[in-house]
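Undergrad: Let me give you the structure first, and then I'll get to my questions.
Since every read-out is calculated from the coordinates, none of them should be taken as a lab result. Everything quoted here is computed from the prediction, not taken from an experiment. Here the Cβ positions follow ideal geometry from the backbone for every residue, glycine too, while neighbour counts run over all protein chains shown.
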Amino acid sequence: MSKKKNRDFNLILGSILTAVTTIPALIGLLWTPFDPHSMDNSLKLAHASFMHPFGCDNFGRDLLSRVMVGSATTLLIGLGTVMIGVIIGTFIGALTGYYGGLVDDIFMRFNDVMFSFPSLLLALVFVAIMGSGKMQLLFALGVAFIPSYVRIVRAEYVRARNMDYVKSAKLAGASDMRIMFVHILPNIFKILLNSVLIGFNNAVLAEAGLSFLGIGVQPPDASLGRMLSDAQTYLFNRPGLAVVPGVTLITMVLGISLIGKSKTVSGK
Amino acid sequence: MKRSKKLLVSALVLMLTVALCGCGGDKAGDGETITVGIPQDIEESLDPHTALAAGTREILFNIYEGLVKPNSNGDLVPAVASEYSIDDEGKTYTFTLRDGITFHDGKAVTVEDIKASIERCADAESGEPLVAAFSNIESVTAPDDKHVVITLSSADTGFLSNMTTAIIPAEYITGAVSDPVGTGPYMFISRSPQENIILKRYDGYWGEKAYIANVTFKIISNPDTIVMNLEGGAIDMFPRVTSAQAAQLSDKFAIEEGTMNLVQALYLNNAVAPFDDVRVRQALCYAIDPKEIMDYAFDGRGSEIGSSMFPSFGKYFMPELNDTYNQDIEKAKALLAEAGYADGFKFTIKVPSNYTQHVDTAQVLKEEYKAIGVDAEIELIEWNSWLSDVYSGREFEATVIGVDASTLSPRALLGRFVSDAGNNFVNFNSKEYDEAYSAALASTDDAKQTEYYKQCEEILAKEAANVYIQDPAELVAINKKFTGYEFYPLYAQDISKIRPAK
Amino acid sequence: MTGIVKKIIGSILTIAVVACLVFIAFAVIPGDPAVAKLGTQATPERLAALRETMGLNKSVPARFVEWIAGVVRGDFGSSYSYSMPVTKLISDKLPVTVILTLYSFVLMIVVSVPLAIVAARHENSAIDRVIQILSQVTMSVPPFFGGIIITLIFGLWLHLFAPGGYVSYTIDPVRFLTYMLWPALAIALPKGAMAFSLLYGGLTTERRKDYARTAYSRGNSTKDVFYKHLLKNACIPVITFFGMALADMIAGSIVIEQVFGIPGLGRILLISIQNRDYPVVEAIIVCIAVLVIVSNLLVDILYGVIDPRIVSGDE
């Protein structure tokens, strides 16, 4: 913000941090140095070594491999959540914002109630209804994030519907659907992008939080939240088991929020 | 405005000082109070006759007593009764009420209370009696106000082990008293759901009084924080830590080593496919190596078992059954292929999340089953859900749990596998077994009876009713401020024996 | 004034809507809680008896009316897994969560406001940069990881507190409050960092505006301008954030309770969700909704105090 130089410092640093965490995660989807689930009794709580740069956990599983797979899980759930939220949120926001009227009023009252609820809690309620597990978690978080996107998108559509370019498109006989998704949508893209980044971060943190509570990803599958929870037993003697996934999580979130703050993306 | 800034700063300083001063408030080491961590909340009613969970019973052990109670050697010693006699046939049991024994509310125990307690547990009106063995009771009479006579319909020399059933006030049964009241060394003070249960020494106790005046059982539902709680001084003792947890503890703690007296197994729902096929169950048994589980989750501790019986039961335990299924991947695969599952299958293991040792075991099992192409999915569930869904509702495919013996009779372990037993949660169904079991019950000759019980164990092993693993090692972490912890051959935490170290 | 009345009525309506939604959500879930509770011990007579004590023998609309009538009186029925009134079950735990949330809120303000002022007054100095970087990193620390780190450093290494050594406020309020400092800190730090960055942004932007320059040029002292004008204007967006942060902190406390072993509303909620003890879940959600909505209302009213134009204008 206060940086006056031409170079977009936030974007550069943000991209680097994001890359540092996401690239190993993406690799982890295809390949890990060791099988993240295979146990080895001789390596129980092993310290860092050349073969196992982060050491091993209480089952002798390679921590690096588990962090790679764990961040991938966290990343994918975060992405899925944002996708559900953005797609459904944009659709509802566009319709209610563009048409307005009574339906809009009712929807917005409902939406505001949902919005004022912390998304973590909303997700908990959905988990209460649907049961716990990876897919349920994805769905619960996705639904919990819809209201925030509805709010943003609707506000933009309310503004856009009185703008000249929309009016002229109407006069030219374009259908409502076309106006909504071909004319207006690209114009709010930038605003949406920013809220997607913020939303992604919130989703990552919410996933980690719920898995930490034991409601999301189930063992032996790795997720950053789950690993943090397991690491508490060994906190005193092997703080690394908590620090590695914890720092990974922070780096991931920090990187993306820096990108969101950068001049290029925020436009400031 | 400047003032407000100062105010903020001083508020911050104040808060920090308060925090820093408060931290000296380590618990007073006067030995008058002990805090014991437990992995789950106990059942709501604190009713000793209806409690299902071993975790509830081990706490109630301090509050309630039966006519007799087990000591740490596994012998039955007189408790509410001061003495007892059994006729030669094993049909009539006569108990003498202990002089001057009182309930925690100060009222004297009467023969009416004893009669009411036993009759309540024998009542078969709503299906099965609360204590299954009590279906054998023909009558309970009190010839005078000092004696109670129990007559059985058929002779049973092993019946005494059931007389550990808690004696509670008759008014409790009629609903007139709702606070848990017993005759044990500790009395119930209060409970706060999901927080704690508080007991206090009962000074009117008939026997040797407890050393420590106040006991708090603190519920630690998140097992990942057990070590922190111990190290930080929030709890003084935690029964059943895992060896990994024990290894994390500093030398402030002593680790007492005993055995859990549990049949830990991968319990299979014998009624659902594919576990209704004995070959599949056997394949699952061949695929695993209990030693490996002990190595990972218990640092090699624990004793292998091959059926629903553990070593503390002495003559009933059959070590030879441990070798019924030695790990043999090829054989397991062949059996699966024979059963039509050449490509393996997928199933879900439900595990209560508060028991680290079972969760860890399930993780090792999952790895082992990969070798035969079977995909085991782990689902962690809350303890109460386990009780209602898995144990009572029998809605599960497989679960890892340890089953305890509520009494020192082999019946407590074997009775649940009779086809129509109310607690046969794995739906085991074998005519041969039912016959052997009823033969054991009917037999009055001890050697004969033991033979029949052993036959039952063999059937369970042969039919691979469950994937038997081990009787896990029990590691009790206890602060060195205390000493005197005693192990029992059944699931109990006897706090009354613990005393301050100096 | 009418603006505030309107807001209050709106809030009450919202609470009513939440209560209805919550009831409906849990009424449509398949499965009979009575069957689940009895399991294999279920005989038709026992089931019928239990359904009656659980109040499940009535139709859904009848139960709904009964439930709403109860809620208005503060009665949420009986817990399934604990045979005690839900109100009794949660009334001890509610203060724990409320105090933890308020504690975190105060800490957040105490940490963020002075730092923002210091940093903004020394814009572009070394101290500003250091605080900037720290806040950026702190912002990204999820409370539960913050809690683990606090436990490790202050609990296990420095022995400033006993991890898990929670003492109920009914037993010893002072030890309760000293223990709660640490979880409150874990919740407050990331939120405080966000508040800092908002307030800082506001202050530095306001400073460049014309009125501030005019004030300076008129010879008012820097401090005067800063505290009289800039701070007040910069506060307005921050207050919106405070409102949202308060709601988030309630959610955050649920997770943090698990790290620090605090038996508050969060633990009961988690366990009740997993046990499908719906009356308890419903009650806790309604309670939290009330907390959230009331805090939003307070923020709105606070707006009115700072800037009277906002409440009277349309939304």
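Undergrad: Kindly identify segment C:50-132 as rounded, prolate or oblate by the Cα gyration tensor criterion: order the square roots of the eigenvalues as a ≥ b ≥ c, call it rounded if a/c is under 1.5, otherwise compare a/b with b/c, prolate if a/b is larger, else oblate. Write out the running numbers ahead of the final one.
TA: On the way: a/c = 5.11, a/b = 3.90, b/c = 1.31.
Taking the square roots of the gyration eigenvalues as a ≥ b ≥ c, segment C:50-132 is prolate.
Undergrad: Right, another one. What ranking do A:His37, A:His47 get, fewest neighbouring Cβ atoms within 10 angstrom at the top?
TA: Working: A:His37 18, A:His47 11.
Going from sparsest to densest Cβ surroundings: A:His47, A:His37.
Undergrad: Once you put a point 7 Å from the Cα of B:Thr141 and another 7 Å from the Cα of B:Lys346, both along the Cβ direction, what distance in nm separates them?
TA: 6.5 nm
Undergrad: DSSP beta bridges in the protein assembly as shown, what fraction antiparallel, as a percent rounded to 5? Before the final figure, lay out the partial values.
TA: Details: 56 of 72 bridges.
So the antiparallel bridges in the protein assembly as shown amount to around 80 percent.
Undergrad: Work out, in µm²/s and without decimals, the Stokes-Einstein translational diffusion coefficient of the protein assembly as shown at 25 °C, 0.890 mPa s, Rh from Kirkwood over C-alpha pairs. Write down the numbers at each step before the final one.
TA: Numbers: Rh = 31.9 Å.
Estimated via Stokes-Einstein, D reaches 77 µm²/s.
Undergrad: I need the helices of chain B that pass two filters: whole DSSP H segments spanning 20 Å or more by Cα along the axis, and mean Kyte-Doolittle score no lower than 0.5. Display every interim value, and only then the final one.
TA: Details: long enough: B:2-22 (30 Å, 1.17); B:356-370 (22 Å, -1.15); B:446-462 (24 Å, -1.27).
Span-like helices in chain B: B:2-22.
Undergrad: What's the average, rounded to a whole number, of partner chain beta-carbon atoms within 10 Å of each residue's beta-carbon in A:107-118? List each step's numbers first, then the result.
TA: Details: counts 0, 1, 4, 3, 0, 5, 9, 2, 2, 11, 9, 11.
For peptide A:107-118, the averaged partner shielding equals 5.
Undergrad: Do the sum for chain A: with -39,500 (n - 2.57) for every DSSP H run of n ≥ 4, divided by all residues, what is the mean residue ellipticity at 222 nm, to the nearest 500 deg cm²/dmol?
TA: Only helices count here, giving -22500 deg cm²/dmol.
Undergrad: Using helices alone, what [θ] at 222 nm do you get for chain C, with -39,500 (n - 2.57) per DSSP H run of 4 or more residues, divided over all residues and rounded to the nearest 500?
TA: On the way: 15 runs with 234 residues, N = 315.
Dividing the helical sum by the residues of chain C leaves -24500 deg cm²/dmol.
Undergrad: Next question. Please list the equivalent ellipsoid semi-axes of segment A:114-248, computed as the square roots of five times the alpha-carbon gyration tensor eigenvalues, in descending order and whole angstrom.
TA: On the way: eigenvalues 351, 49, 24 Å².
The equivalent ellipsoid of segment A:114-248 has semi-axes of 42, 16, 11 Å.
Undergrad: Work out, in µm²/s and without decimals, the Stokes-Einstein translational diffusion coefficient of chain B at 10 °C, 1.306 mPa s, Rh from Kirkwood over C-alpha pairs. Numbers along the way, then the final one.
TA: On the way: Rh = 24.5 Å.
This corresponds to a translational diffusion coefficient of 65 µm²/s.
Undergrad: Averaged over its residues, how many other protein chain Cβ atoms are within 10 Å of peptide B:371-383's Cβ atoms?
TA: Details: counts 0, 0, 0, 0, 0, 0, 3, 4, 5, 6, 5, 11, 3.
Per residue, the number of nearby Cβ atoms from other chains is 3 on average.
Undergrad: A further question follows. Given the rule -39500 (n - 2.57) for each run of at least 4 DSSP H residues, summed and divided by the residues of chain B, what is its mean residue ellipticity at 222 nm, to the nearest 500 deg cm²/dmol?
TA: Details: 13 runs with 134 residues, N = 502.
Computed ellipticity for chain B at 222 nm equals -8000 deg cm²/dmol.
Undergrad: Which entries of C:Lys7/C:Lys93; B:Lys91/B:Lys462; B:Lys91/B:Lys431 show an alpha-carbon separation above 32 angstrom in the structure shown? Could the numbers behind the result be given before it?
TA: On the way: C:Lys7/C:Lys93 29 Å; B:Lys91/B:Lys462 34 Å; B:Lys91/B:Lys431 28 Å.
Over 32 Å apart, Cα to Cα: B:Lys91/B:Lys462.
Undergrad: For chain C, rounded, prolate or oblate, judged on the Cα gyration tensor with a ≥ b ≥ c (square roots of eigenvalues), a/c < 1.5 rounded, else prolate if a/b > b/c?
TA: Details: a/c = 3.31, a/b = 1.73, b/c = 1.91.
It is oblate, given that a/c is not under 1.5 and a/b is not larger than b/c.
Undergrad: Under 12 Å Cα-Cα from A:Lys44, which aspartates and glutamates qualify once same-chain neighbours fewer than 8 residues away are excluded?
TA: Output for A:Lys44: A:Asp57, A:Asp62, B:Asp295, B:Asp299.
Undergrad: How would you rank A:Ile77, C:Ile29, A:Ile84, going from fewest to most other Cβ atoms within 10 Å of each one's own Cβ? Can you show the working numbers first?
TA: Working: A:Ile77 27, C:Ile29 13, A:Ile84 20.
So the ranking, lowest neighbour count to highest, is C:Ile29, A:Ile84, A:Ile77.
Undergrad: Can you give me the Cα centroid spacing of segment C:11-26 and segment C:54-96 in angstrom?
TA: After rounding, the separation between the Cα centres reads 15 Å.
Undergrad: To continue, here is another question. Using only Cα atoms, locate the centre of segment B:443-502 and the centre of segment B:135-214, then give the distance between them in Å, rounded to an integer.
TA: Their Cα centres are 22 Å away from one another.
Undergrad: When you look at the Cβ of every residue in B:195-207, what mean number of other chain Cβ atoms sits within 10 Å? Could the numbers behind the result be given before it?
TA: Details: counts 11, 2, 0, 0, 0, 0, 0, 0, 0, 0, 0, 0, 0.
That works out to 1 on average.
Undergrad: Working from Cα positions, state the angle (0 to 90°, nearest 10) between the long axis of helix A:189-212 and the longest principal axis of chain A.
TA: Between helix and principal axis, roughly 40 degrees.
Undergrad: Would you mind giving the three semi-axes, in whole Å and largest first, of the ellipsoid equivalent to segment B:352-431 according to its Cα gyration tensor? Don't skip to the answer; put the middle values down first.
TA: On the way: eigenvalues 118, 49, 36 Å².
With the √(5λ) rule applied to segment B:352-431, the semi-axes are 24, 16, 13 Å.
Undergrad: Starting from the Cα of B:Lys481, draw a straight line to each of the aspartates and glutamates and keep only those under 18 Å, dropping any in the same chain fewer than 8 residues away.
TA: Those aspartates and glutamates meeting the cut-off are B:Asp26, B:Asp30, B:Glu32, B:Glu231, B:Asp236, B:Asp251, B:Glu256, B:Glu257, B:Asp494.
Undergrad: Compute the long axis of helix C:60-72 from its Cα atoms, compare it with the longest principal axis of the Cα atoms of chain C, and write down the angle in degrees, 0 to 90, nearest 10.
TA: 50 degrees
Undergrad: Among B:Leu414, B:Phe425, B:Tyr488, flag the residue with its Cα farthest along the positive direction of the charge dipole of segment B:346-502, charges on Cβ as +1 for Lys/Arg and -1 for Asp/Glu.
TA: Value computed over the given set: B:Tyr488.
Undergrad: Based on other C-beta atoms within 10 Å, arrange B:Trp206, C:Trp182, C:Trp157, A:Trp31 from fewest to most.
TA: Taking fewest neighbouring Cβ atoms as first place, the list is A:Trp31, C:Trp157, B:Trp206, C:Trp182.
Undergrad: Greater than 31 Å separation of Cα atoms is the criterion. Which listed pairs, B:Lys218/B:Lys497; A:Lys134/C:Lys191; B:Lys331/B:Lys448; B:Lys209/B:Lys480, meet it? Walk me through the numbers before you get to the answer.
TA: Values: B:Lys218/B:Lys497 19 Å; A:Lys134/C:Lys191 28 Å; B:Lys331/B:Lys448 35 Å; B:Lys209/B:Lys480 22 Å.
The pairs that break the limit, which is 31 Å between Cα atoms, are B:Lys331/B:Lys448.
Undergrad: Quote the relative contact order of segment C:75-205 in percent (integer), defining contacts as alpha-carbon pairs under 8 Å separated by 6+ residues. Walk me through the numbers before you get to the answer.
TA: Working: 116 pairs, mean separation 47.7, N = 131.
That works out to 36 percent.
Undergrad: Using the structure shown, select from B:Lys107/B:Lys146; B:Lys69/B:Lys454; B:Lys107/B:Lys200; A:Lys190/A:Lys261 the pairs with a Cα to Cα distance greater than 21 angstrom.
TA: Numbers: B:Lys107/B:Lys146 16 Å; B:Lys69/B:Lys454 26 Å; B:Lys107/B:Lys200 17 Å; A:Lys190/A:Lys261 13 Å.
Violating the 21 Å limit, Cα to Cα: B:Lys69/B:Lys454.
Undergrad: For B:Lys315, give me every one of the aspartates and glutamates with a C-alpha distance below 19 angstrom, ignoring sequence neighbours fewer than eight places off in its own chain.
TA: B:Asp75, B:Asp156, B:Glu304, B:Asp323, B:Asp404, B:Asp445, B:Asp446, B:Glu451, B:Glu457, B:Glu458, B:Asp471
Undergrad: Counting only C-alpha contacts under 8 Å and six or more residues apart, can you give the relative contact order of chain C as a whole percent? Walk me through the intermediate numbers first.
TA: Values: 304 pairs, mean separation 83.0, N = 315.
Relative contact order for chain C comes out at 26 percent.
Undergrad: Out of all DSSP beta bridges in chain B, what portion is antiparallel? Express it as a percent rounded to 5. If you can, show how the numbers build up before the last one.
TA: Numbers: 54 of 70 bridges.
Antiparallel: roughly 75 percent of the beta bridges in chain B.
Undergrad: Okay, moving on. Is segment A:194-268 best put as rounded, prolate or oblate by its Cα gyration tensor, with a ≥ b ≥ c the root eigenvalues, rounded for a/c under 1.5, and otherwise prolate when a/b is larger than b/c, oblate when not? Each step should come with its number before you reach the end.
TA: Working: a/c = 4.18, a/b = 1.98, b/c = 2.11.
Cα axes put segment A:194-268 in the oblate bin.
Undergrad: Can you give the angle from 0 to 90° between the axis of helix A:134-160 and the longest principal axis of chain A, with both taken from C-alpha atoms, to the nearest 10?
TA: 30 degrees
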